[in-house]
Amino acid sequence: MTRHQQCSGWRWGITRALQRYHRSTDHPQARLHRIRALGLIGALGMPLYFVLWNYCFPQMYESVALRLLGALLFLPALCVQYFNRKWFGIYLMVGLSYELPFFFTFMFLMNHASVIWSHSLLVALIVLFHFDTTLAARAYAIGTALACAAFALCGDAAFLLDEQVLQELPVHWFTIAVLSAVKVGRSVLEREKLAGLGAGLGSVAHELRTPLTSVDANVRGLNRMLQQSSSANAADQARARDALTRIQFEVRHMNHMIDLFLLSASAVSRNLRPNETVSMACVVDAVMKRYPFVGQMQQQAVAVEVRSNFSFAGQSELCVVILLNLLRNALKAIQRAGKGRIRIVVDGARQTPRLLFIDTGCGISPRHIPLIFQRFYSYPAHNGSGIGLALCKQIMEAWDARIRCISRESAYAIFVLEFPRPAPPPHH
């Protein structure tokens, strides 16, 4: 079998594997698992393949220094969940540019386009373009250019235009085009599915709102009747009012959940990007007025502290949704714990303006904190829909903002919302 036939069969197999891979879900948590898995494979694979290609199946060129640097760059991927968004982006660009296009292209050239390194480079490009296409394209351009420059400095520069090298380019570019097309098609399909889900939920929501509105109106009517009635004793009236208040709270809660489901289902097609300058103190005030507190005691358990107000680029309606969800979760936490209070702190005097949402209720176990922003994950189990915090994070990331949680089980939970300052207006 000729080298060309071997490569063609091998590449056909890779293409089939790619098609199967792209049918899998692309959940953010799954992406983190993939990055950690890639980090582990790379950190172990770099030294392992040095032994393999240096002693078992000797190649023309091997480098301990390049492989050691590669292994060290793979290691941070094992704890990628602790990176903030800025440093994660920088690490991903540097790591991907070196590990995949640079290292494999340089080794391919230094080994004079051997079959092993031709296959290895193609696998590296396939892995690279499983990441975001724009990020992968930049890493490919940077890594390949640097690899060619490095080879030209320490090798035979004329080999860059050799037929063995140039004939690989159409195969690589075709592979990249197929990967990109598959991802685009998959993204469109997901959007269509979510749009259908959103439409279905919209119909369900309208069907639910009608009886809920009727229940709410009847509760108000019964409250008026109780106030006008003098025949019932005070204790019976108090119990009836408590029951009606609870019913009214549940009705409002169900309406809030309907809004949350609809917003989550439409988040993909909806523009979440900032379109106005929002005052955080005004949003907190609106949330305190809109939340359906059950009685004065529950409302008095929430304290608002405006240390220094700040404004940020966002959407006031969506910010209200975020804070309503955090307030609801905090109230449920102190209810489960049977103790605690809630503090909402607007702290805009810092270099990075932030909002602190603090409750001294039941807290969150350390092993659950990395999972609470995952869609459909609820803590405790079966407590809520599991979409609220995931939606909060999605909205915050659309604003280039950050939400994180600091907690101690059975003691407290602090949600920290950090916002970039609005860019100053240009001077004319």
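The values are calculated or read from the model by the stated rules, or taken from the named source; none is laboratory data. Here the structure is a predicted model, which is why all the values come from computation and not from measurement. Here the Cβ is made from the backbone with ideal geometry for all residues, glycine too, and neighbour counts use every protein chain on show.
Each row is one residue, and each column tells you yes or no for (1) at pLDDT 85 or above; (2) among the aliphatic types (A, V, I, L, M).
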{"site": "Arg11", "(1), (2)": "no, no"}
{"site": "Gln29", "(1), (2)": "no, no"}
{"site": "Pro47", "(1), (2)": "yes, no"}
{"site": "Ala71", "(1), (2)": "yes, yes"}
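For region 316-331, which positions are modelled with pLDDT under 90 and within 21 Å of Pro274 (Cβ to Cβ)?
Passing the criteria: Ser316, Glu317, Leu318, Val320, Val321, Leu324, Asn325.
Mind listing whichever residues of region 286-301 are assigned to a helix (DSSP H, G or I) and modelled with pLDDT of 80 or more?
Ala286, Val287, Met288, Lys289, Arg290, Gln296, Met297, Gln298, Gln299, Gln300
Which condition from (1) out of contact with any Leu (no Cβ under 7 Å at 6 or more places or on another chain); (2) modelled with pLDDT of 80 or more is the one that Val188 breaks?
(2)
So, Thr105, is that one of a type in the set (S, T, N, Q), in a helix (DSSP H, G or I) and within 30 Å of Phe373 (Cα to Cα) or not?
Working: of a type in the set (S, T, N, Q): yes; in a helix (DSSP H, G or I): yes; within 30 Å of Phe373 (Cα to Cα): no.
So Thr105 does not fit the description; no.
Can you pull out the residues in region 87-114 that are farther than 17 Å from Thr133 by Cα and touching a Lys or Arg at 6+ places or on another chain (Cβ under 9 Å)?
Hit for region 87-114 is Phe103, nothing else.
In region 327-357, which residues are on the phi > 0 side of the Ramachandran plot and surrounded by 21 or more Cβ atoms within 10 Å (Cβ to Cβ)?
Once the filter is applied, which keeps residues that are on the phi > 0 side of the Ramachandran plot and surrounded by 21 or more Cβ atoms within 10 Å (Cβ to Cβ), region 327-357 yields only Gly340.
Do you know which residues across region 31-62 are under 30 Å from Arg375 (Cβ atoms) and either among the charged types (D, E, K, R) or surrounded by 15 or more Cβ atoms within 10 Å (Cβ to Cβ) (or both)?
Hits for region 31-62 are Arg31, Leu32, Arg34, Ile35, Arg36, Leu38, Gly39, Gly42, Ala43.
Would you point out which residue out of Arg354, Arg402, Arg367, Arg350 is at pLDDT 90 or above, of a type outside the set (S, T, N, Q) and within 19 Å of Gln81 (Cβ to Cβ)?
Answer to the check: Arg402.
Of the conditions (1) surrounded by fewer than 16 Cβ atoms within 10 Å (Cβ to Cβ); (2) in contact (Cβ under 8 Å) with a residue 12 or more places away in the chain; (3) of a type in the set (Phe, Trp, Tyr); (4) closer than 26 Å to Ile90 by Cα, Phe159 satisfies every one except a single condition; which number is it?
(4)
Sort through Val251, Val283, Val304 and tell me the only one that's surrounded by 16 or more Cβ atoms within 10 Å (Cβ to Cβ), modelled with pLDDT of 85 or more and either in the same structural domain as Gly338 (by TED's automatic domain parsing) or assigned to a helix (DSSP H, G or I) (or both).
None of the other options fit; the residue is Val283.
What tally of residues in region 113-148 results from selecting those that are crowded, with 16+ Cβ neighbours inside 10 Å and either touching a strand residue (DSSP E or B) at 6+ places or on another chain (Cβ under 9 Å) or free of Cβ contacts under 8 Å to residues at least 24 places away in the same chain (or both)?
Of the residues in that region, 1 qualify.
Residue pairs, Cβ under 7 Å, 6 or more apart or interchain, first in region 55-84 and free of Cβ contacts under 8 Å to residues at least 12 places away in the same chain, second part of a helix (DSSP H, G or I) and surrounded by 10 or more Cβ atoms within 10 Å (Cβ to Cβ). List them.
Matching pairs, first to second residue: Phe83/Tyr91.
Just the residues that are modelled with pLDDT under 90 and either of a type in the set (Phe, Trp, Tyr) or crowded, with 21+ Cβ neighbours inside 10 Å (or both), please, taken from region 73-94.
Ala77, Tyr82, Phe83, Trp87, Phe88, Tyr91
Considering only region 265-272, I want to know if a residue exists there that is in a helix (DSSP H, G or I), among the hydroxyl-bearing types (Ser, Thr, Tyr) and either at pLDDT below 70 or more than 25 Å from Leu355 (Cα to Cα) (or both). Full working, then the answer.
Initially, region 265-272 is screened for residues in a helix (DSSP H, G or I), giving 265-266.
Imposing the further condition that a residue be among the hydroxyl-bearing types (Ser, Thr, Tyr) reduces the set to 266.
Now drop any that are not either at pLDDT below 70 or more than 25 Å from Leu355 (Cα to Cα) (or both), which leaves 266.
Checked region 265-272: at least one residue is in a helix (DSSP H, G or I), among the hydroxyl-bearing types (Ser, Thr, Tyr) and either at pLDDT below 70 or more than 25 Å from Leu355 (Cα to Cα) (or both).
Quick one: would you say His172 is at pLDDT 90 or above and not assigned by TED's automatic domain parsing to the domain that holds Glu99?
yes
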